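Have a look at the structure below before the remarks.
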Amino acid sequence: MKILLPVILIICGLFTAVDPVFAQTWTQTSAPSNHWASIASSADGTKLVAVAGNYDGIGPIYTSTNSGTTWMLNNAPNMHWYSVASSADGSKLVAVVNNGGIYTSTNSGATWTQAADAPGKLWTSVASSADGTKLAAGNSIGTIYTSINSGINWTMAANAPSASWWGIAASADGSKLAAAYVAPFPGKIYTSTDSGTTWAPNNVTDGWTSIASSADGNNLVAASSLRIYTSTDSGASWTSNNVIVGHWWSVASSADGSKLVAAGGGPPGNGNGSDPTYGPIFSSTDFGNTWVSNSAPFTNWWSVASSADGSKLAAVVNGGGIWVSQTTPSPALNIAPASSNLALSWLVPSTNFVLQQNSDLATANWLTLTNAPMLNLTNLQDQVILSPAAGNGFFRLISQ
């Protein structure tokens, strides 16, 4: 028996090596103008949730089930919403209130429940594992809190310092966490490898505003008021990236950490919400080594979110609307042994793909496999287990 070979498919007839980030465009959605504070995305980029308020006023929560084409107002109360996070399937949501509590939803935002066990804090950031079970939240005057039961109970971090935590991120399984604070200046980045039970500081300091993680927690991206940094070793060491100096306010990452997006904006240095700082949106497709400017307007971007494959992006403006961007994904098809079987896997795609098999590349006899892929919540990859067949076997992903 010959080993089955993986195939990297370039879809939609594109056979030239075109980096999709250079053709990236942004479109404003039908969402109303508001003091948008944060946006989060499901792994496939279909379900979006956006919260408004921050410290400029009070606002609502809106959700979309079609990648931002249309938006629905939820029954959540108008509050100083500041940050929101989503499970991989978009069903479990968690949102925090600046000078308030923590709210969760188990039905994609249709209804919301205040967590009785979460204290009232100046919450600024929240993160979720892929299954929505493990949560972490930071606040601007205090320390970090974590939950291991979808927000029912919360525990204060034992050895994370009291600081102004502005960003927090989680690996897909929730075991690895990274949190960054802006004050006391210079701010530090702390990481945890035990779901927030213990925390350790890293060796880089700056005025941190946002942090994001790959699915495995190995690749991190962090933004400060001037620079963008990346780490490939779970925060043990950091590299300042080759990107223009700007007031970077929000960052997001694909599941594998290769595609990154950074948005500039936010409040001025005094943090009172008046006279906002405007900025651009930049993207990277090589783990942050190089960055290019997008076609997004120069405005007060407050938060940006990414699908697992990095091809669907969404961003919100404080005092403006909600914008989306979509590029054509080119998923890599991976193959690995699984006991006596073979495991085929690929990042959760932002468009529909089917898996096909052929025994001879000289023919067009591609057979669409009916095996339903299972989502691996540790790496946000769809996975199909197959029994090896005699002879050659070739596989590809093709858009429906």
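Highest mean packing comes first when the peptides 73-79, 323-329 are listed by Cβ atoms within 10 Å, giving 323-329, 73-79.
Label-to-label distance for ASP194 and SER295 is 5.0 nm, based on points extended 7 Å past Cα in the beta-carbon direction. Taken over the Cα atoms of the chain, the convex hull encloses 131 Å³ per residue. Between THR239 and ALA389, the modelled labels are 4.2 nm apart [label points 7 Å from Cα along Cα→Cβ].
Here the range 293-340 has an Rg and Dmax of 16.5, 56 Å, counting Cα atoms alone.
For the options ALA314, ALA115, ALA389, a Gaussian network treatment of the chain with springs between C-alpha atoms closer than 10 Å singles out ALA389 as fluctuating the most.
All C-alpha pair distances within the range 184-340, sorted into 10 Å bins from zero, spread as 11, 38, 33, 14, 3, 1, 0 percent across the bins. Spin-label pair ALA372-THR65: with each label point 7 Å from Cα along the Cα-Cβ axis, the two points sit 1.8 nm from one another. For the chain, the number of Lys pairs with C-alpha atoms closer than 20 Å, counting only pairs eight or more positions apart or on separate chains, is 12. Near THR299, the amide H atoms lying under 5 Å from its own belong to GLY279; only residues 5 or more places off or on other chains count, and H is placed 1.01 Å from N. The string of couplings for the range 299-305 from the Karplus curve (6.51, -1.76, 1.60, θ = phi - 60°) is 8, 8, 5, 10, 7, 9, 9 Hz, one whole number per residue in order, with x for Gly and Pro.
Kirkwood-type hydrodynamic radius, the range 112-233: 14.0 Å, calculated from all non-identical alpha-carbon pairs. Computed from backbone phi with θ = phi - 60° and the Karplus coefficients 6.51, -1.76 and 1.60, the 3J(HN,Hα) list for the range 76-84 is 5, x, 5, 8, 7, 4, 10, 8, 9 Hz; x is used for glycine and proline. Placing R0 at 56 angstrom, the Cβ-Cβ distance between ASN159 and ASP360 gives a FRET efficiency of 0.40 after rounding to 0.05.
Only the coordinates and a few stated rules stand behind these numbers; no lab work does. None of the values given here were measured: they were computed from a predicted structure. Reconstructed Cβ throughout: ideal geometry from the backbone, glycine too, with neighbour counts over all protein chains shown.
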